[in-house]
Amino acid sequence: MKIAITGGASAGHVVPALAVAGRLRDHGAELVFLGRENTIEHELAQRAGIPFRHVPSAGLQRRRSAANLLMPFTVTRGILAAYRALRRERPDALFSKGSYVSVPVGIGAALARIPVVIHESDHSLGLANRILGRLATTICLSVPAPGPTPRWMQNKTQVTGLPVRADLADAKPEELRGRLDLPADKPVLLIFCGSSGAQRVNTAVRDQLHVLAERYSVLHVTGKGNLNPQLAERPGYWQLEYLHEDMPHALALADLVIGRAGATTLAELSALDVPAVLVPLPASVSRGDQIDNARAYAGQYPDRCRVVADEELTDPGALVRACTALSAVPRGGQGSSPEVGAAAGRIADLVLRAAAGRR
């Protein structure tokens with residue numbers, strides 16, 4: 001049996017897709033990944049040893065941009081490329097994790113009469129999943145829909161949870177501590193804001209570094225191209241562009257996290273029971289899903305979470321105050337949640353069921 005995988009634009013889409021891919025591989029499925037070449041999905045699929053096929057795609061800019069005029073042409077080219085690739089690869093089903101990267105692939109799969117299973121991380125369907133949802137055989141949700149669902153969704157929706165990387169439970173935090181030479185007598189503050197980083201958070205952290213580095217060993221994942229050479233030898237501060245295989249170790253090592261409020265990040269923090277300061281993406285550059293995510297997460301874990309609005313980052317003490325409020329909160333166990341890996345398994349079963357129904 002062969003399964004195609006798609007999704008991209010950020011690690012928050014690719015990492016859960018690869019968690020499901022791992023479960024599919026455990027069942028003996030042959031895999032192929034479709035996305036944009038020389039991107040985060042290309043890099044991570046290659047690291048996972050999954051053959052990759054290039055499909056052009058483009059997202060809708062949330063501000064006036066000439067790129068929006070070209071988007072329909074790029075998506076059309078992507079649909080044709082996806083259709084041709086899928087006809088060559090002949091997968092039995094497609095699993096789509098979302099984002100604009102998945103749209104041409106999902107439409108191409110529908111045209112090729114390949115069953116499509118999609119997954120939504122957030123509390124409501126994003127634009128890509130609203131488009132593909134009508135074409136999908138199964139819609140997997142991380143959480144129950146907050147209100148009544150449209151009639152076209154009702155008979156094909158499954159609440160599966162959000163797949164997280166299976167290696168969270170196998171992390172070796174002390175091995176990473178030794179490699180980075182982090183002291184054992186200071187708590188570790190891990191800062192990461194997705195695969196591309198977040199310039200406003202990076203700037204706020206560095207503006208408040210004189211306080212943070214006194215209290216914590218600050219492990220700052222900045223995103224590609226965002227290292228500050230002037231801080232290379234700063235005591236108490238370790239900056240890296242990105243963590244690949246080391247990310248589970250870093251999450252298991254952290255006593256406190258500062259990060260955005262993507263659904264994948266929150267699922268990992270919940271699985272590891274790590275206190276967190278969340279800085280959700282503002283509605284000006286997103287559909288507001290991270291604001292909803294952060295609000296819901298803070299409501300679920302009021303003693304282990306503080307939310308700092310993006311516009312508050314200009315306050316020179318905002319992050320320090322939020323960290324201070326959580327400084328006495330201990331972290332929980334390492335990958336102790338029984339749900340680690342469970343969602344990926346449930347989704348993989350649904351994908352295999354859809355593939356078997358096509359045969």
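The values are calculated or read from the model by the stated rules, or taken from the named source; none is laboratory data. Computed from a prediction, not measured in an experiment: that's the story for all the values here. Reconstructed Cβ throughout: ideal geometry from the backbone, glycine too, with neighbour counts over all protein chains shown. These accessible areas exclude ligands, DNA and RNA; they are computed on the full protein's heavy atoms, side chains included. Shrake-Rupley method; radii C 1.70, N 1.55, O 1.52, S 1.80 Å.
For this structure, a couple of remarks:
- Portion, in percent, of the accessible area of the chain that falls on carbon or sulfur, probe 1.4 Å: 51 percent
- Taking the chain as the region of interest, the number of lysine pairs whose Cα atoms are within less than 24 Å, with members eight or more places apart or on different chains, is 5.
- The alpha carbon centroids of the range 92-127 and the range 164-194 are separated by 33 Å.
- Net charge of neighbours whose Cβ lies under 14 Å from the Cβ of LEU313, counting Lys and Arg as +1 and Asp and Glu as -1: 0
- In nm, spacing of pseudo-spin labels at ARG134 and ALA184 (7 Å Cα→C-beta vector): 6.1 nm
- For the range 192-275, the list of trypsin sites (Lys or Arg not before Pro) that fall in a loop by DSSP and count at most 13 other C-beta atoms within 10 angstrom reads LYS224.
- Contact order normalised by residue count of the range 20-127, Cα under 8 Å, 6+ apart, percent: 22 percent
- Separation in nanometres of the label points that stand 7 Å from Cα toward Cβ, at MET1 and GLN199: 4.6 nm
- Peptides 49-58, 250-259 ordered by packing proxy, namely the average of other Cβ atoms within 10 Å per residue, highest first: 250-259, 49-58.
- Pairs of Cα atoms farther than 17 Å apart, the range 106-148, %: 29 percent
- Projecting the Cα atoms of PRO330, PRO229, LEU127 onto the dipole axis of the chain, where Lys and Arg carry +1 and Asp and Glu carry -1 at the beta carbon, places LEU127 farthest toward the positive end.
- Per-residue extension of 0.36 nm, minus the Cα-Cα distance of SER124 and ARG88, leaves a gain of 9.6 nm for this segment.
- Of LEU180, LEU281, LEU94, the one that fluctuates the most in a GNM where the chain has Cα springs shorter than 10 Å: LEU180
- Annotation: per residue accessible area for the range 240-359 equals 40 Å², rounded to a whole number [probe 1.4 Å, protein chains only].
- Contact order for the range 245-359, expressed relative to its length and based on alpha carbon pairs under 8 Å spaced 6+ residues apart, stands at 27 percent.
- Scattering curve values for the range 171-272, log₁₀ I(q)/I(0), Debye with Cα scatterers, q = 0.11, 0.13, 0.21 Å⁻¹: -0.29, -0.41, -1.16
- If R0 equals 51 Å, the separation of the Cβ atoms of ALA325 and ALA356 corresponds to a calculated FRET efficiency of about 0.50.
- Normalised by the number of residues in the chain, the mean separation of alpha-carbon contacts (under 8 Å, six or more apart) gives a relative contact order of 17 percent.
- A dipole drawn for the range 115-236 from +1 and -1 charges on Cβ atoms has a positive end, and of PRO150, ASN202, VAL117 the residue lying farthest that way is PRO150.
- Cα gyration tensor shape for the range 213-288, rounded if a/c is under 1.5, else prolate or oblate: oblate
- For the range 24-122: accessible area per residue (Å², 1.4 Å): 49 Å²
- Taking Lys and Arg as +1 and Asp and Glu as -1, the other residues whose beta-carbon sits under 13 Å from that of THR149 total +3.
- Between GLY225, GLY108, GLY332, the Gaussian network model of the chain with springs among Cα atoms under 10 angstrom shows the greatest mean-square fluctuation at GLY225.
- Label point distance in nm, HIS244-THR76, each placed 7 Å from Cα along Cα→Cβ: 3.8 nm
- Of the GluC sites (Glu not before Pro) in the range 195-277, the ones in a loop by DSSP (not H, G, I, E or B) with at most 16 other beta carbons within 10 Å are GLU233, GLU241, GLU245.
- Seen from every direction in turn and averaged, the convex hull around the alpha carbons of the chain projects onto 17.7 nm².
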